[in-house]
1. Along the Cα→Cβ direction, 7 angstrom out, place labels at Gln33 and Lys125. What is the inter-label distance in nm?
2. Zone of Glu152 (label point 7 Å along Cα→Cβ, backbone N under 13 Å): which residues in region 111-143?
3. Using a 10 Å cut-off on Cβ atoms, rank the peptides 40-50, 103-113 from the highest mean neighbour count down.
4. Could you please report the charge total around Arg28, scoring K, R as +1 and D, E as -1 over all other residues with beta-carbon less than 15 angstrom from its beta-carbon?
5. Give me the aspartates and glutamates in straight-line cross-link reach of Lys125: C-alpha distance below 15 Å, same-chain residues under 8 apart excluded.
6. What full-extension length gain, to one decimal in nm, is calculated for Met112 and Leu79 as 0.36 nm per residue of separation minus the Cα-Cα distance?
7. When a/c is below 1.5 the answer is rounded, else prolate if a/b is larger than b/c, else oblate, so apply that to region 69-153 with a ≥ b ≥ c taken from the square roots of the Cα gyration tensor eigenvalues.
Amino acid sequence: MKVRGPFFAACCIAATALSLALPGCTSREEQAQAAFGEYQAAAAAGDLIATRIALLKLVGVQDDNPDYWDRLGKVQLELGSFRDAYYAFSRAHELDRSNTDALSNLTQLALMSGDVDAAEDHADKLALLQPDHPVIKLARAYAALKHSNLDEADRQIDPLLQAFPRDPNAN
């Protein structure tokens, strides 16, 4: 029997660790595929609770996909889970800084919760990506109202009222 050195032992340990990690990758991918299949089936059936559960499984397995977080945020909104929606959209924005939908939703949720400062911050980020987005004017109008600057609030909200005369937020 030949005695091998420490380099051989290190290589064996590395090869064993790699072989143990590979089934985990496949298992994780399979879990993500299964969760995505559950999501598609639940969404097609119109079952919001099952859709949320499937998306939570999906982001639990694959939390680096901004699209999954965005979808989860929209489902959370439909279910009235505003804090959970805010978190999901925050995560989507964190993963994709160019996601204007996530920023728009974050702005609106911040306004709904009364956090005008956070809404302004989100609106400023949104303005860098899409300067003509109507939510920006809405957030700035609320901020002007907060600071008792009625002229600025009118200036910000007038274009929205012209474009969307029946919008309850603008009114």
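Only the coordinates and a few stated rules stand behind these numbers; no lab work does. Predicted, not measured: the structure shown is a model, and the values here were computed from it. Heads up, the Cβs are rebuilt from the backbone with ideal geometry, glycines too, and the neighbour counts pull from every protein chain shown.
1. It works out to 3.4 nm between the two label points.
2. 117, 120-121, 139-143
3. 103-113, 40-50
4. Numbers: positive: Lys57; negative: Glu29, Glu30, Asp63, Asp64.
Charge balance near Arg28 sits at -3.
5. Glu94, Asp96, Asp101, Asp117
6. Contour length minus Cα-Cα distance gives 10.3 nm.
7. On the way: a/c = 2.58, a/b = 1.55, b/c = 1.67.
Here region 69-153 falls in the oblate category.
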